[in-house]
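Structure record follows, encoded as structure tokens.
The values are calculated or read from the model by the stated rules, or taken from the named source; none is laboratory data. Everything numeric here is computed off the predicted structure, so don't read it as measured data. Please note: Cβ atoms are built from the backbone with ideal geometry, for glycine as well, and neighbour counts cover all protein chains shown.
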Number of protein chains: 2
Amino acid sequence: MSPEDTNTIAENLLGQTTGRSTPIRLAVLGILLAAKTALNQQEIEQQATRQGLTADRVTLYRTLDWLVEQGVAHRIASNDRTWRYKAQANLATPHAHFQCKHCGQLFCLEHLQPALLVSLPQGYQLDAIELKLQGTCPNCTLKYAT
Amino acid sequence: MSPEDTNTIAENLLGQTTGRSTPIRLAVLGILLAAKTALNQQEIEQQATRQGLTADRVTLYRTLDWLVEQGVAHRIASNDRTWRYKAQANLATPHAHFQCKHCGQLFCLEHLQPALLVSLPQGYQLDAIELKLQGTCPNCTLKYAT
DNA sequence: AATTTTTATGCAATTTAGTTGCAAAATAAT
DNA sequence: ATTATTTTGCAACTAAATTGCATAAAAATT
């Protein structure tokens, strides 16, 4: 996805939220759209800095929370005890995630859509399904090939 | 499960590990077997104290890591940014988890065994599947019934 | 049985992700 | 222009988890 595209998409997505479309929100959402993997706060801050945007750590946390709340980004628990965030043009289609045990990268598998075949025990009310796969990513498969 | 049972099971499980079967490890594993939900370090420490066992926080963290490493306990990322631990008699049968958004309790759904129907994209090597469901638990369903 | 080696535990200090409260800045509404 | 609302920044704080090192306990060796 080209930077112009992500910017346009980010603007469109922000248009669908309640609240203001600020430079920081736009930039962060753009970063989350453009990224190949899900990023944590630190990585997002670094990427923002690279783009010449400085934003306070706290603001980033709040922005990320807000984006998730608004449904234009989603949050996944990473192995390294941080939250990682990702966004895509097609709003929040539920999908699986894959985290590599070697490099730690967290991929969205947009074509793997979790669904429940068996039913839950009595009394449980389901809101969301989280499907996370663990293993070795393509890159590390090559790297650590025997 | 009665306390005697869990103790016996814990001893058996520890027998299958490399490393020593110490009082702390036995007690912690017993707690993880007896618990209805997955517990975090703090809750485990409280439970241990109730049983008259005092163990350093660091030792608990190390014990938990070790139990997971040895495959006699498993670890799930909780919504509250802590790791929660659980063990069962039948060693590490992969199963789904359910976390309640109201009370935060994390349940093991041992009869819900995740399996992948669709195949992964080229190059990804799968080690483990994590299936976590979010929603309202039976207790909170009653509590917050409209 | 005494000594050496290995493994497990405790303690103190540190790291780091994430949060809170409040003031200042920016934007929108009147 | 003025007022009200929302967003951002700063400083201080919380709490989970980690690290390094010394001590204790258990196992292995002589």
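So the values come out like this:
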quantity: Some residue of segment A:58-78 being surrounded by 20 or more Cβ atoms within 10 Å (Cβ to Cβ), within 15 Å of DNA strand C (Cβ to nearest atom), β-branched (Val, Ile, Thr) and assigned to a helix (DSSP H, G or I); calculated: yes
quantity: Subset of segment A:131-146 (residues that are more than 27 Å from B:His102 (Cα to Cα), within 7 Å of another protein chain (Cβ to nearest Cβ) and either hydroxyl-bearing (Ser, Thr, Tyr) or under 16 Å from the mean Cα position of the chain (by Cα) (or both)); calculated: A:Thr136, A:Thr141
quantity: Within segment A:111-120, tally of residues that are modelled with pLDDT of 85 or more and loosely packed, with under 13 Cβ neighbours inside 10 Å; calculated: 1
quantity: Residues satisfying the stated conditions in segment B:128-146, i.e. within 13 Å of A:Gln134 (Cα to Cα) and of a type in the set (A, V, I, L, M); calculated: B:Ala128, B:Ile129, B:Leu131
quantity: Answer from B:Ala96, B:Ala115, B:Ala87, B:Ala128 - the residue that is more than 8 Å from chain A (Cβ to nearest Cβ) and more than 12 Å from the chain's Cα centre (by Cα); calculated: B:Ala115
quantity: Pairs where the first residue, in segment B:47-68, is free of Cβ contacts under 8 Å to residues at least 40 places away in the same chain and the second is more than 7 Å from DNA strand C (Cβ to nearest atom) and in a loop (DSSP other than H, G, I, E, B), C-beta under 8 Å, 6+ apart; calculated: B:Gln47/B:Ala35; B:Leu64/B:Ala73
quantity: Filter result for B:Leu91 (surrounded by 14 or more Cβ atoms within 10 Å (Cβ to Cβ), in contact (Cβ under 8 Å) with a residue 12 or more places away in the chain and not in a strand (DSSP E or B)); calculated: no
quantity: Tally of residues being in contact with a Phe, Trp or Tyr (Cβ under 7 Å, 6 or more places away or on another chain) and not in a loop (DSSP other than H, G, I, E, B) across segment A:113-135; calculated: 2
quantity: Residue match in segment B:25-36 (condition: within 14 Å of chain A (Cβ to nearest Cβ), surrounded by 14 or more Cβ atoms within 10 Å (Cβ to Cβ) and of a type outside the set (A, V, I, L, M, F, W, C)); calculated: no
quantity: Test for B:Leu39: is it modelled with pLDDT of 95 or more, within 15 Å of DNA strand C (Cβ to nearest atom) and touching a helix residue (DSSP H, G or I) at 6+ places or on another chain (Cβ under 9 Å); calculated: no
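Here is a yes/no grid of residues against (1) under 20 Å from B:Lys132 (Cα atoms); (2) assigned to a helix (DSSP H, G or I); (3) more than 13 Å from chain B (Cβ to nearest Cβ); (4) within 15 Å of DNA strand D (Cβ to nearest atom):
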| site | (1), (2), (3), (4) |
| --- | --- |
| A:Thr6 | no, yes, yes, no |
| A:Glu11 | no, yes, yes, yes |
| A:Gly19 | no, no, yes, yes |
| A:Thr54 | no, no, yes, yes |
| A:Cys108 | yes, no, no, no |
| A:His111 | yes, no, no, no |
